[in-house]
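Trainee: First the structure, then my questions, so here it is.
The values are calculated or read from the model by the stated rules, or taken from the named source; none is laboratory data. Everything quoted here is computed from the prediction, not taken from an experiment. Here the Cβ is made from the backbone with ideal geometry for all residues, glycine too, and neighbour counts use every protein chain on show. Note: areas computed on protein heavy atoms with side chains; ligands, DNA, RNA excluded. Shrake-Rupley method; radii C 1.70, N 1.55, O 1.52, S 1.80 Å.
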2 protein chains.
Amino acid sequence: LETPYIFPVIDPTLKNQIVGLDEIRSIGFNGIITNAYLLKKNLKTVESIHERLNFDGIIMTDSGAYQILRYGHVETSNREIVQYQCDIGSDIGVILDMPTPYYVTRENALKSAEITLNRAIEVSDIINSCRETLWVLPIQGGTHLDVLSYYARRSTEIFGYGYSIYALGSPTTLLENYILDKVVDMVYTVRSSVEPSRPLHLFGAGHPLIIPFVVALGVDLMDSASYILYAKDKRYITRRATYRLDELQYLPCSCPICSKYTAEELREIPGNEVTKLLALHNLYTLYAELKEIKECIKEGRLWEYLEEKARAHPAGRRAFEAVKKYLAYIYSRAPYSKPRGKGVFIVSEDSVYNPKILIPRRKIIENMTPEKEHIVFIPLRRPYETSHYYTAEPVHTPSNERCIEITASSSYDIYLYHPVLGIVPKHLLDTYPFSQFETFTLYRPELVKTLVYTLIEFVLLASRARRSLKVHVIVNDDTEWQRMFAVHLKHHVKILRSKGIEFHLIENNAKRVTSELDDQHLI
Amino acid sequence: LETPYIFPVIDPTLKNQIVGLDEIRSIGFNGIITNAYLLKKNLKTVESIHERLNFDGIIMTDSGAYQILRYGHVETSNREIVQYQCDIGSDIGVILDMPTPYYVTRENALKSAEITLNRAIEVSDIINSCRETLWVLPIQGGTHLDVLSYYARRSTEIFGYGYSIYALGSPTTLLENYILDKVVDMVYTVRSSVEPSRPLHLFGAGHPLIIPFVVALGVDLMDSASYILYAKDKRYITRRATYRLDELQYLPCSCPICSKYTAEELREIPGNEVTKLLALHNLYTLYAELKEIKECIKEGRLWEYLEEKARAHPAGRRAFEAVKKYLAYIYSRAPYSKPRGKGVFIVSEDSVYNPKILIPRRKIIENMTPEKEHIVFIPLRRPYETSHYYTAEPVHTPSNERCIEITASSSYDIYLYHPVLGIVPKHLLDTYPFSQFETFTLYRPELVKTLVYTLIEFVLLASRARRSLKVHVIVNDDTEWQRMFAVHLKHHVKILRSKGIEFHLIENNAKRVTSELDDQHLI
């Protein structure tokens, strides 16, 4: 089973299973989840679940906790249902946890979490002797993050009793109501409290809009009945939202179902048959989302994908803003190596937070110290222009043309500046990501302002290392963000001058830049 | 033929046509484009093109202009190839225009445009007598926008000679190099110069990344060979970019091809067979993009889709920034009626430019004048909160709770303010879009600053209408954007006071708001 993965929920009796398990499998899903409690209630006997369902993929079973949430109680005990899951040969089993509905008080959340933890301890002998099944340890606490955090940490103490997978319980109501920012908070709280190497399951997450955000924070496994519940309700899942079939005039999808039927044709198909077609479409959509996310992970561009998804729906944007609260955590875990394939895509103001950009940006500021007395800052342009940086005939970059002459001298350090990439030493220009990025050019004021602060921070840090420092900032008047940059920089030079740093802002077109630099005996 | 539409380019001899026309049709494409010049060269006889290709959908023929661009000349004349297209029964025919490569001088662009115009005049007798074919009038000028604009206007003078469709010629090189912002400029230049009711064809546009942007500016028809050219080059089109098959680990798509094969399996399929599968995938992707755009148009959410697409790829962002230069044009043509379905999605800083938002925002500021001496401004919260605005028990909105008491009085006008929606009179709260929007809450400083300017503009306009004006702005200290709003507003109140306007900023939590309002005898 390759993660991240979503287990489609199936009916254990198969009586109401409108989409066949072979069909689910042929879409690409090689694992399913079903309900051990309902199976036990219906079946009364103990049989191999793989034989019973005639499914040789991975079968995860849930314990009936959802039924507790829904009906208030279940007619089984924790030990009984855990033993049952072992006996039927579940590949992944769950203890009978006590769900936390999202509206409960902190007191009741504490109760659910404590009961769940105790139940996990209570069955440790069974799970320890049942090693063919991977056991899930659910963590409760609902939206009470302190409760979640406390019980997540307590759970790590008993994980070694024989558990293999952590789970975050019951955010279903939040997910259904698109309160995705709270779900992100819950996921972070649990993920950052348990061992990073252990898988984390998120119960009930089955919409393409939330999946990339929770995966970015370290969710490995999910399960969802949404594909069939929505289908029964004549609802159609897209990568950004859920539609009622009635409101669609087109089926904005290329899956086999949507390539075969029009929206109008689908509407005319009666009862269970259209439910099945919608369920298949929903499954194709979920599976394509998984493939998209996995491809993004392999390419090292999951952040770029989150930036895009954040603009697909306001709930996605809320989830994204919540993810941004946990950047420090993400950075500490982000792979720091050049990913294969394309360069970094700068597509939004949030690209500055891309781990591939902000980690080197901070490292440069914190660890690089100029060696020379003079520091020259030059604007960094687009990649195809920087590639001409050292050539005799630069393309469309009057400023860089001058820089060639500047680099011929050796009495100063050269740095490039860019609203997203920050301050880049000349000798790192040919390294990733500075050698490989693609961007747009209309940067918003806040990015340019932040760049001013970054430059000032960098110079102040540099001034600690050497007594005398002379700073020259070249700004071109042909680019809007550079004009903006000059305006903001002027507001802050007194900070530098008050520290005894000599500062020159050279706001000019290419030709005049050279002559002014000459005047200052830089060349 | 429903627009917007993309004609897949097919080989007129069918010898190298790897994907069958029946397969193209079964994906959903009911029109194709082929090359009349190449057909004529190969065939030597005159036959019905529908019979020849055995295709009963719509057949558009191109004239050989692309061959001029590629080989410098063609072995036919304008009159000859136009007559030929008529004789073979093309549904849509094109005159032999003179392409403008994107690197040519203005002088050569002028020449291409002039020759093209003259050729359009030259064949007016043929096209006038051949009314079974719809004739395309190409406009040349390349990236020289003044040339394009001049010849677009000149073209309107001869359009009545028998033409049915305008076309913008030859942005192929720009499209291939993802210089999409220039393409947007060219499209706008032509579209805004010719009659809005006439269809406009954009030659060579066949990538999902550019399609929604040019459609938003009024392109109706496109054609592209990209599906097969990319496939032959083992390239895979996605909604955001183009991949080499070799670099993909997953096929991030749900189309019948990508649901049947994995990336690895596809790589192992030899020669023409994998080309065909990739071409089919590319066609499915293009067709799904068309359906997505059409659904967005029907739902009135094309702007939201552009916001999302702009974050899919830096070239998309560049195209989007180019589209934003033409907002005045878009607004003048945007439908102004409540679309069916969901409310407005506020997903990015660019949502403020959504025609559904900025048009009413401006209308209110320009046309609404407060009647009372006192104006009270109250923050507008999320929809589910505003729906509680008049009820006895508001949810989570301490400020709104106070507003209920305020609304009981009648000695003042009440307006709500919001970083994206602007200034909204209380009585319009239940109308679209103010009654139906979904948003996030972390607004960037620039939006909040713009709101301050909007409020000041509104008050200044109001002060012209009545001599004495007293303004009360309520700000809650529990929301970041409102705190930011208060800070910026304070910087600007002197403008209001200098005009004799009484101004009160009430920065408080709910309870204190009431008492201060009481003190000011507002209630």
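Trainee: Residue by residue through B:428-440, how many Cβ atoms from other chains fall within 10 Å of the Cβ on average? The partial results should precede the final answer.
Mentor: On the way: counts 0, 0, 0, 0, 0, 0, 0, 0, 0, 1, 6, 4, 12.
Mean inter-chain Cβ contacts per residue within 10 Å come to 2.
Trainee: Would you compute the Debye intensity of region B:52-195 from its alpha-carbon atoms alone, equal scatterers and no solvent, and pass along log10 I(q)/I(0) at q = 0.10, 0.12, 0.15, 0.20 Å⁻¹ to two decimals?
Mentor: The computed values of log10 I(q)/I(0) come out as -0.32, -0.46, -0.72, -1.22.
Trainee: Mind checking how much accessible area B and A bury in total, 1.4 Å probe, in Å² rounded to 100?
Mentor: Numbers: alone 22890 and 22900 Å², together 40430 Å².
Rounded to the nearest hundred, the buried surface is 5400 Å².
Trainee: To continue, here is another question. Which three extents, in angstrom, do the Cα atoms of chain A have along their principal axes, listed largest first?
Mentor: Largest to smallest, the principal-axis extents are 94, 55, 37 Å.
Trainee: Here's another thing I want to ask about it. Rank these by accessible area, largest first, 1.4 Å probe: A:Asp181, B:Asp97. Walk me through the intermediate numbers first.
Mentor: Values: A:Asp181 40, B:Asp97 5 Å².
Descending order: A:Asp181, B:Asp97.
Trainee: While we're looking at this one, here's another question. A drop of at least 50 square angstrom in accessible area, chain alone versus all protein chains together, probe 1.4 Å. Which residues of region B:252-284 meet that?
Mentor: B:Pro252, B:Ser254, B:Ser259
Trainee: If I take every Cα pair under 8 Å that is 6 or more residues apart in chain A, average their sequence separation and divide by the length, what percent do I get for the relative contact order? Spell out each step's value before the answer.
Mentor: Values: 884 pairs, mean separation 50.8, N = 523.
Here the relative contact order equals 10 percent.
Trainee: From zero outward in steps of 20 Å, how is the percent of C-alpha pairs of the protein assembly as shown spread across the bins?
Mentor: In whole percents, the pair-distance histogram is 11, 36, 37, 15, 1.
Trainee: In chain B, with Lys and Arg counted as +1 and Asp and Glu as -1 at Cβ, which of these residues, B:Ile501, B:Pro199, B:Tyr66, has the Cα nearest the positive end of the dipole, that is, farthest along it?
Mentor: Going by the Cα projections, it comes out as B:Ile501.
Trainee: Relative to the first principal axis of the alpha-carbon coordinates of chain B, what is the inclination of helix B:445-465, with its axis defined by its Cα atoms, in degrees from 0 to 90 and to the nearest 10?
Mentor: Taking the Cα atoms of chain B, the angle to B:445-465 is about 70 degrees.
Trainee: In Å and whole numbers, how far do the C-alpha atoms of region B:1-126 stretch along each principal axis, longest first?
Mentor: Principal extents (largest minus smallest coordinate, Cα): 46, 30, 27 Å.
Trainee: Counting each DSSP H run of 4 or more residues in the protein assembly as shown as -39500 (n - 2.57), what helix-only mean residue ellipticity at 222 nm follows after dividing by all residues, to the nearest 500 deg cm²/dmol? Don't skip to the answer; put the middle values down first.
Mentor: On the way: 48 runs with 496 residues, N = 1046.
Computed ellipticity for the protein assembly as shown at 222 nm equals -14000 deg cm²/dmol.
Trainee: For B:His491, what accessible area in Å² do you get when you roll a 1.4 Å probe over the heavy atoms of the protein chains, rounding to the nearest 10?
Mentor: 120 Å²
Trainee: Amide H of B:Phe7: which non-local residues (sequence gap of 5 or more, or other chain) have their own amide H closer than 5 Å, using H built in the peptide plane?
Mentor: Amide H neighbours of B:Phe7, under 5 Å, 5+ apart: B:Met222, B:Asp223, B:Ser224.
Trainee: If you project the alpha carbons of region A:278-390 onto their three principal axes, what span does each projection cover, largest first, in Å?
Mentor: 68, 32, 25
Trainee: Separate question: Kindly give the distances from A:Ser26 to its copy-mates, label point to label point, with each label point 7 Å from Cα along Cα→Cβ, as nm values to one decimal ordered shortest first.
Mentor: A:Ser26 label point versus its equivalents elsewhere: 1.5 nm.
Trainee: At 1.4 Å probe size, put A:Glu273, B:Glu292 in order of accessible surface, largest to smallest. Walk me through the intermediate numbers first.
Mentor: On the way: A:Glu273 105, B:Glu292 25 Å².
Highest to lowest solvent-accessible surface, that is A:Glu273, B:Glu292.
Trainee: How many angstrom lie between the Cα centre of region A:18-32 and the Cα centre of region A:439-505?
Mentor: First find each Cα centre; the distance between them is then 58 Å.
Trainee: In region A:335-360, whose amide N lies under 15 Å from the spot 7 Å out along Cα-to-Cβ of A:Ala328? List them in ranges.
Mentor: none
Trainee: Hey, how much of the P(r) for region A:171-263 falls beyond 16 Å, as a percent of Cα pairs?
Mentor: Details: 2529 of 4278 pairs.
Above the 16 Å cut-off, region A:171-263 has 59 percent of its Cα pairs.
Trainee: Sort shortest first the distances from B:Ser129 to its counterpart in every other copy, using label points 7 Å along the Cα-to-beta-carbon line, and give them in nm.
Mentor: 9.9
Trainee: By how many degrees, 0 to 90 and rounded to 10, does the Cα axis of helix A:355-367 deviate from the longest principal axis of chain A?
Mentor: Once rounded, one gets 40 degrees.
Trainee: Share of region B:47-164's accessible area from carbon and sulfur, percent, 1.4 Å?
Mentor: Numbers: 2380 of 5130 Å².
Result for region B:47-164: 46 percent of the exposed heavy-atom area is carbon or sulfur.
Trainee: Work out the FRET efficiency for B:Leu460 and A:Ile121 from their Cβ-Cβ distance, taking R0 = 56 Å, and round it to the nearest 0.05. Working shown, then result.
Mentor: Values: r = 69 Å, r/R0 = 1.23.
Approximately 0.20, to the nearest 0.05.
Trainee: Given Cα pairs under 8 Å that are at least 6 residues apart, what percent is the relative contact order of region A:239-332?
Mentor: Working: 43 pairs, mean separation 20.8, N = 94.
For region A:239-332, the relative contact order is 22 percent.
Trainee: Enter the accessible area per residue of the protein assembly as shown (Å², integer; probe 1.4 Å; all protein chains in place).
Mentor: On the way: 40430 Å² over 1046 residues.
For the protein assembly as shown, the solvent-accessible area averages 39 Å² per residue.
Trainee: Every other copy gets compared here: list the nm distances from the A:Asn42 label point (7 Å along Cα to Cβ) to its counterparts, shortest first, one decimal.
Mentor: 5.8
Trainee: Taking H as built 1.01 Å from N, whose amide H comes closer than 5 Å to the amide H of B:Val473, not counting residues under 5 places away?
Mentor: B:Phe377, B:His504, B:Leu505, B:Ile506
Trainee: Would you mind checking the tilt of helix B:78-87 against the longest principal axis of the Cα atoms of chain B, expressed as 0 to 90 degrees and rounded to 10?
Mentor: Result, in degrees: 90.
Trainee: For A:Ile58, what residues show an amide H to amide H distance below 5 Å, using hydrogens built from the backbone and excluding near sequence neighbours?
Mentor: Amide H neighbours of A:Ile58, under 5 Å, 5+ apart: A:Gly31, A:Ile32.
Trainee: Still on this structure, please answer the following. What length, rounded to one decimal in nm, is gained on full extension from A:Tyr71 through to A:Tyr453, with 0.36 nm per residue of separation minus their alpha-carbon distance? Walk me through the numbers on the way to the answer.
Mentor: Working: separation 382, 0.36 × 382 = 137.52 nm, distance 5.67 nm.
Once the chain is fully extended between A:Tyr71 and A:Tyr453, it gains 131.9 nm.
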